[in-house]
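Novice: Have a look at this one before I ask anything.
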Amino acid sequence: MDHFNYRNGELFAEDVSVAEIAKKVGTPFYCYSTATLERHFKVFSEAFDGANALVCFAVKANSNLAVIRTLARLGAGADVVSEGELKRALAAGIPASKIVFSGVGKRPWEMEAALKAGIHQFNVESEPEIRVLSDVASRLGMEAPVAFRVNPDVDAKTHAKISTGKAENKFGVPWQDVSRIYGEAAKLPGIRIQGVDVHIGSQLTDLDPFNNAFHRVRELVMQLRQEGHDITQVDLGGGLGIPYDGTIPPSPLSYGAVALEAMGNLGVQLIFEPGRLIVGNAGILVSEVIYVKQGAERKFVILDAAMNDLIRPAMYDGYHHIDTIIAPTGDVELEEADVVGPVCETGDTFAKGRKLPPVAAGDLVAFRSAGAYGAVMASTYNTRPLVPEVLVKGDQFEVIRARPSLDELLQLDNVPAWLDND
Ligand code: LLP
């Protein structure tokens, strides 16, 4: 459920008319709803009511400071994958004690920043990484709290590019080496083994892969304890899907039940890293129709948003529902069109053969479920300024990241003096 609804035939974000925002901000822009963000965080957290659980929002899904701050106020922790995300999480008010640091390629200075901040846990993904972490922590005279991310070799049954828990994927330590790696790591200076971490993929719409992975982890925790490790933390990652195309994924409550059943009575703190589930449906991308063009074979609706603003359709064949800002009247006949952006690539196609109410130049449309992996993956391809972001709360809205000017964009470049000589 979200807070983007039609009122008197016009799309509203909470109590604000989306067209009004467009008038002030210009298009394209992302628009987030505070009430939806809060609701999703609460629904997810409530699935673990009474359990010892820490919900760490996966900052990679949406790293705007105002979004993180909204969640921080509800008690969220953060899952970060770079020094930059760590900085954002801290700046937004998430206590270091609720931050976990994931990722396969952490650099020594990133580890140092996280150690000095006093984060809750490093999710370590390889033997070379644990050695570097041991060196960094020893040099600082500190102890790094560590969980290894394990690769359970489970098929998440999601898009190949966002599947992470198969043996062939780059993530986690290989299942057959886990016991040895824990044993060796426990002897390293500056390392304190405290947990096990798993994350098998994103946009999962089936609970079975979670169930399989979680049960494997349970067995592992019991084995590692027998081998003398004090396992107090189990991080089960993120990955629960959202309804993009009408497929209804399992509810957070049923996902929570699977997790709690698998982990029941282990006596550990559970950590979760949901990203998409928290922010996905809390955001829309608003765009204006530039032209409607009749091609030789197909009709094209050309928008002012492009693949550089929302890459998911081009990159993962992602489906986003497209609504007109003015609600279609009941008797209107839908027309089939390809919805595209102005970027010079055929891949800059948001939807093929999409049935839409008739639209004309100047009309506004909204891509639904665009709050996760939308603005964060935007680029300036085709020298298009980074897309701005707006946050709505009740009847108020504010730009939370402004559209840079073209001059600002050009100023990032440097033309060496030698190019101007002779
Ligand atoms: N934890 C780790 C270690 C992750 O790698 C991810 C996502 C998450 C948590 C959060 O997963 P979520 O709850 O959002 O599914 N850009 C792609 C998704 C990439 C996911 C990367 N890792 C997309 O737009 O579909």
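The values are calculated or read from the model by the stated rules, or taken from the named source; none is laboratory data. Please read these numbers as outputs of a predicted model, since none were measured by experiment. Here the Cβ positions follow ideal geometry from the backbone for every residue, glycine too, while neighbour counts run over all protein chains shown. For accessibility, only protein heavy atoms count, side chains too; no ligands or nucleic acids. Shrake-Rupley method; radii C 1.70, N 1.55, O 1.52, S 1.80 Å.
Novice: If P328 passes every condition in (1) surrounded by fewer than 23 Cβ atoms within 10 Å (Cβ to Cβ); (2) in a strand (DSSP E or B) but one, which one does it miss?
Specialist: So P328 meets the others, but not (2).
Novice: Being open to solvent by 10 Å² or more (accessible area, probe 1.4 Å) and either within 16 Å of the ligand (Cβ to nearest atom) or in contact with a Pro (Cβ under 8 Å, 6 or more places away or on another chain) (or both) is the filter here; which residues of the stretch 287-297 pass it?
Specialist: Initially, the stretch 287-297 is screened for residues open to solvent by 10 Å² or more (accessible area, probe 1.4 Å), giving 288, 290-297.
Residues satisfying the conditions are E288, I290.
Novice: Inside the stretch 234-316, counting only strands (runs of 3 or more DSSP E) that do not spill past its ends, which hold 1 or more residues that are in contact with a helix residue (DSSP H, G or I) (Cβ under 8 Å, 6 or more places away or on another chain)? Step through it out loud before you land on a result.
Specialist: Details: elements: 269-272, 283-294, 299-303.
Counting at least 1 such residues, we get 269-272, 283-294.
Per-residue answers, yes or no, for (1) at pLDDT below 95; (2) within 16 Å of the ligand (Cβ to nearest atom); (3) open to solvent by 50 Å² or more (accessible area, probe 1.4 Å):
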site	(1), (2), (3)
S97	no, no, yes
F101	no, yes, no
Q121	no, yes, no
F148	no, yes, no
A156	yes, yes, no
H159	yes, yes, yes
V178	no, no, no
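Novice: Give me a count of the residues in the stretch 161-176 that are within 16 Å of the ligand (Cβ to nearest atom), surrounded by fewer than 17 Cβ atoms within 10 Å (Cβ to Cβ) and assigned to a helix (DSSP H, G or I).
Specialist: Residues meeting the conditions: 1.
Novice: Do the conditions hold for R88, that is, is it under 15 Å from the mean Cα position of the chain (by Cα) and open to solvent by 40 Å² or more (accessible area, probe 1.4 Å)? Steps first, please.
Specialist: Details: under 15 Å from the mean Cα position of the chain (by Cα): yes; open to solvent by 40 Å² or more (accessible area, probe 1.4 Å): yes.
Here the answer is yes, as R88 does meet what is asked.
Yes or no, residue by residue, for (1) charged (D, E, K, R); (2) over 21 Å from A66 (Cβ atoms); (3) within 16 Å of the ligand (Cβ to nearest atom):
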{"position": "F350", "(1), (2), (3)": "no, yes, yes"}
{"position": "A361", "(1), (2), (3)": "no, yes, no"}
{"position": "A366", "(1), (2), (3)": "no, no, no"}
{"position": "Y373", "(1), (2), (3)": "no, no, yes"}
{"position": "V376", "(1), (2), (3)": "no, no, yes"}
{"position": "P385", "(1), (2), (3)": "no, no, no"}
{"position": "P388", "(1), (2), (3)": "no, no, no"}
{"position": "V392", "(1), (2), (3)": "no, no, no"}
{"position": "V399", "(1), (2), (3)": "no, no, no"}
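Novice: Please work out which residue is nearest to the ligand (Cβ to nearest atom), limiting yourself to the stretch 239-253 and to residues that are over 16 Å from the mean Cα position of the chain (by Cα) and over 22 Å from G77 (Cα atoms). Don't jump to the end; show me each part of the working.
Specialist: Initially, the stretch 239-253 is screened for residues over 16 Å from the mean Cα position of the chain (by Cα), giving 245-253.
Checking the rest, the ones that are also over 22 Å from G77 (Cα atoms) come to 245-250.
Numbers: D245: 13, G246: 17, T247: 14, I248: 16, P249: 11, P250: 13 Å.
Taking the candidates together, the pick is P249.
Every residue, every condition in (1) modelled with pLDDT of 95 or more; (2) more than 15 Å from the ligand (Cβ to nearest atom); (3) over 22 Å from V18 (Cα atoms), yes or no:
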site	(1), (2), (3)
R225	yes, yes, yes
G237	yes, no, yes
E273	yes, no, yes
I278	yes, no, no
I284	yes, yes, no
K299	yes, yes, yes
A306	yes, yes, no
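Novice: With respect to R73, determine if the residue is surrounded by fewer than 19 Cβ atoms within 10 Å (Cβ to Cβ), more than 21 Å from S251 (Cα to Cα) and free of Cβ contacts under 8 Å to residues at least 12 places away in the same chain.
Specialist: Values: surrounded by fewer than 19 Cβ atoms within 10 Å (Cβ to Cβ): yes; more than 21 Å from S251 (Cα to Cα): yes; free of Cβ contacts under 8 Å to residues at least 12 places away in the same chain: no.
No.
Novice: Please verify whether the stretch 198-209 includes one or more residues that are within 16 Å of the ligand (Cβ to nearest atom), within 26 Å of the chain's Cα centre (by Cα), crowded, with 16+ Cβ neighbours inside 10 Å and in a helix (DSSP H, G or I).
Specialist: Here is the first cut: in the stretch 198-209, the ones within 16 Å of the ligand (Cβ to nearest atom) are 198-207, 209.
Still in the running and within 26 Å of the chain's Cα centre (by Cα): 198-207, 209.
Next, only the ones that are crowded, with 16+ Cβ neighbours inside 10 Å stay: 198-205, 207, 209.
Now narrow it down to the ones that are in a helix (DSSP H, G or I): 209.
So far as the stretch 198-209 goes, yes, one or more of its residues are within 16 Å of the ligand (Cβ to nearest atom), within 26 Å of the chain's Cα centre (by Cα), crowded, with 16+ Cβ neighbours inside 10 Å and in a helix (DSSP H, G or I).
Novice: So how many residues does the stretch 103-119 have that are open to solvent by less than 50 Å² (accessible area, probe 1.4 Å) and basic (K, R)?
Specialist: Of the stretch 103-119, the ones open to solvent by less than 50 Å² (accessible area, probe 1.4 Å) are 103, 106, 108, 110-115, 117-119.
Keeping just the survivors that are basic (K, R) gives 106.
Counting residues in the stretch 103-119 that are open to solvent by less than 50 Å² (accessible area, probe 1.4 Å) and basic (K, R) gives 1.
Novice: Which of the residues that make up the stretch 1-34 are hydrophobic (A, V, I, L, M, F, W, C) and surrounded by fewer than 17 Cβ atoms within 10 Å (Cβ to Cβ)? Don't jump to the end; show me each part of the working.
Specialist: Within the stretch 1-34, the first condition is being hydrophobic (A, V, I, L, M, F, W, C), and the residues that meet it are 1, 4, 11-13, 16, 18-19, 21-22, 25, 29, 31.
Within the stretch 1-34, M1, A19 qualify.
Novice: Here is a further query. Where the second residue is among the aliphatic types (A, V, I, L, M) and the first is within 16 Å of the ligand (Cβ to nearest atom) and lies in the stretch 313-330, which pairs have Cβ atoms under 7 Å and are six or more apart or on separate chains?
Specialist: As it stands, the answer is P313/A351; A314/M307; Y316/I162; H320/A370, since those pairs meet every condition given.
Novice: Would it be correct to say that A66 is in a helix (DSSP H, G or I), assigned by TED's automatic domain parsing to the domain that holds F272, surrounded by fewer than 24 Cβ atoms within 10 Å (Cβ to Cβ) and away from the ligand (no atom under 16 Å from the Cβ)?
Specialist: Details: in a helix (DSSP H, G or I): yes; assigned by TED's automatic domain parsing to the domain that holds F272: yes; surrounded by fewer than 24 Cβ atoms within 10 Å (Cβ to Cβ): yes; away from the ligand (no atom under 16 Å from the Cβ): yes.
Judged against the criteria, A66 is a match.
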